[in-house]
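We did not get these values from a lab; they are worked out from the coordinates using the rules stated. This one's a predicted model, so the numbers in the text were calculated from it and none came from an experiment. Using ideal geometry, Cβ is built from the backbone for each residue, glycine included, and neighbour counts are taken over all protein chains shown.
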Amino acid sequence: MNREEKQALVDELSEKFQSHNAFYIADASGMSVAKINDFRRLCYNRGLEFKVYKNSFIRKALDTLDSDTSEMDEALKGQSGVLFSKESGSTPAKLLKDFYKAQAYGRGVTPKPVLKGAYVDASIYIGADQLETLSTIKGKQELIGEIVGLLQSPAKNVISALTSGGSKLAGILKTLSEKEEAAG
């Protein structure tokens, strides 16, 4: 691979880092070709992309991001594949957990691909022990939905109180008018 091809690859990777709000770095070494293909198929089915890159290319592409990514150096050892997500920062973590369950790893066996690090909305998570934390991160759309729900809640309460109060008042007036008619 000549210098221009390497630069083109770094530029492509850099563009992906900037266009995706979350990406995970994982080590898939030791996995059979069939298992890697199963993993990539699962990624594709969930709208994610998994691709293996040289660590030096990843580092150069990370340097183009606006935030400090020096913590990611710890994750850039050994073989590295990058899992890209445009939607939610938790989607790749959920995918990894589902893949681990489907593979039925026994006790003491390290599930593959191993999470080495993640970058989610300018926050960096290092190590496989962060998988549970990453799987509970709410995406932008989920947070907006919760906020809209919270904002609508007081308005709904006022409207339901007015509606129910209005029908009660109408019922009371009707009862009183019926009593007047019966008395008169």
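Report yes if some residue within region 72-81 is of a type in the set (Ser, Thr, Tyr), under 19 Å from Glu15 (Cβ atoms) and in contact with a Phe, Trp or Tyr (Cβ under 8 Å, 6 or more places away or on another chain); otherwise report no.
yes
Filter region 126-160 down to residues that are β-branched (Val, Ile, Thr) and in a helix (DSSP H, G or I) and give me whichever is nearest to Lys101 (Cα to Cα).
The extreme case among them is Thr133.
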